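Below you'll find the structure, written out as structure tokens, and then a few comments.
The values are calculated or read from the model by the stated rules, or taken from the named source; none is laboratory data. Given the structure is predicted, the values throughout are model-derived calculations rather than measurements. Every residue, glycine among them, receives a Cβ derived from its backbone with ideal geometry; neighbour counts consider all protein chains shown. Heavy atoms of the whole protein, side chains included, go into the accessibility calculation; ligands, DNA and RNA do not. Shrake-Rupley method; radii C 1.70, N 1.55, O 1.52, S 1.80 Å.
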Amino acid sequence: MKTIAAILAGGSGTRIGGEVPKQMLPLGGKLVLAHSVGAFDAHPGVDAVVVVCREDLIPTVQELSVREHWCKVRAVVPGGADRSGSSLAAIRAARLLASEEVRLLIHDAARPLVDAETISRCLQALESADAVEPVVPVADTIVQVDADGFLTHVPARDSLRAVQTPQGFRLDTIGEAYRRAAADPAFTATDDASVVLRYLPGVRVCTVPGSPRNRKLTLPSDLDWFESQIAL
Ligand code: C5P
């Protein structure tokens, strides 16, 4: 079975400020995106890579692909208006590349420190599961609040995990989940495994240990932490 990795770099990165999306910022002498794509391009378990990015950045990413000597990047495609739209673009691109059964890993470009071990754990889990996501324990107590900011629920901390990417799926599974989601006018999601959980309740999503370094670059102040980790 083939494995395709899709790197989602279609965001505008507005929370980080400025005109340049966060995945196109420099980090340790390369672009953030170059770290993310490079991790999958170099992984022996990945057969092909798809990059999803803003339409105007497609030529830049294609040039980057040549400059970085990536050998597995098979497609650079435009993303959607939100992350789910970009996941859908990744699923469509993977279908066009696939002539057999495929595993699809979907990764946030904004997580440039993803490690080979986390990718391997996801691939290993997909030998027996239809869907997987890497998770880490949470240090803080997490609360649910109402629209006015008052507490409504405090879930037990030892049952909570913070979710990372790559999230991995049988291509047919994630495709069917998004097909059903498309029929739901109330559909909204911030990751992909939750789409499977919601629209394919018969499919069990397994978790594997993620890595504390596999954080998502979100705020300008995060950049210092990422630079310090690259320097290690
Ligand atoms: O918005 P957030 O920071 O959660 O984005 C996670 C990842 O999804 C980022 O790598 C971002 O580039 C990507 N994304 C995308 N298309 C969008 C929005 C976000 O590919 N429309």
- Take segment 173-232 and flag every residue that is assigned to a loop (DSSP other than H, G, I, E, B), exposed (fewer than 13 other Cβ atoms within 10 Å of the Cβ) and free of Cβ contacts under 8 Å to residues at least 40 places away in the same chain. Ala183, Asp184, Pro185, Ala186, Pro201, Gly202, Ser221, Leu232
- With respect to Glu19, is the statement that it is without any contact (Cβ under 8 Å) to a residue 60 or more places away in the chain, more than 9 Å from the ligand (Cβ to nearest atom) and either open to solvent by 30 Å² or more (accessible area, probe 1.4 Å) or outside any helix (DSSP H, G or I) (or both) true? yes
- Could you list, in sequence order, the residues of segment 78-88 that are crowded, with 19+ Cβ neighbours inside 10 Å and either within 6 Å of the ligand (Cβ to nearest atom) or within 12 Å of Arg54 (Cα to Cα) (or both)? Gly79, Arg83, Ser86
- Take segment 114-125 and flag every residue that is surrounded by fewer than 23 Cβ atoms within 10 Å (Cβ to Cβ) and part of a loop (DSSP other than H, G, I, E, B). Asp115
- Message: Here is a check on your reading of the model: is Thr165 in contact with a strand residue (DSSP E or B) (Cβ under 7 Å, 6 or more places away or on another chain) and within 16 Å of the ligand (Cβ to nearest atom)?
- Response: yes
- Note on the structure: Residues in segment 114-159 that are aliphatic (A, V, I, L, M) and closer than 17 Å to Arg204 by Cα total 7
- Task: Tally the residues that are away from the ligand (no atom under 11 Å from the Cβ) and open to solvent by 10 Å² or more (accessible area, probe 1.4 Å), restricting the search to segment 100-112.
- Result: 3
- Within segment 37-55, identify whether any single residue is out of contact with any Gly (no Cβ under 9 Å at 6 or more places or on another chain) and over 21 Å from Leu97 (Cβ atoms), and answer yes or no. no
- Of all residues in segment 65-112, how many are assigned to a loop (DSSP other than H, G, I, E, B) and either farther than 23 Å from Ala131 by Cα or touching a helix residue (DSSP H, G or I) at 6+ places or on another chain (Cβ under 6 Å) (or both)? 11
- Query: Condition test on Thr152, is it free of Cβ contacts under 8 Å to residues at least 40 places away in the same chain and either within 16 Å of the ligand (Cβ to nearest atom) or in contact with an Asp or Glu (Cβ under 8 Å, 6 or more places away or on another chain) (or both)?
  - Reply: yes
- Task: Looking for whichever is over 13 Å from the mean Cα position of the chain (by Cα) and either within 12 Å of the ligand (Cβ to nearest atom) or open to solvent by less than 10 Å² (accessible area, probe 1.4 Å) (or both) here; the options are Met24, Met1. Which one fits?
- Result: Met24
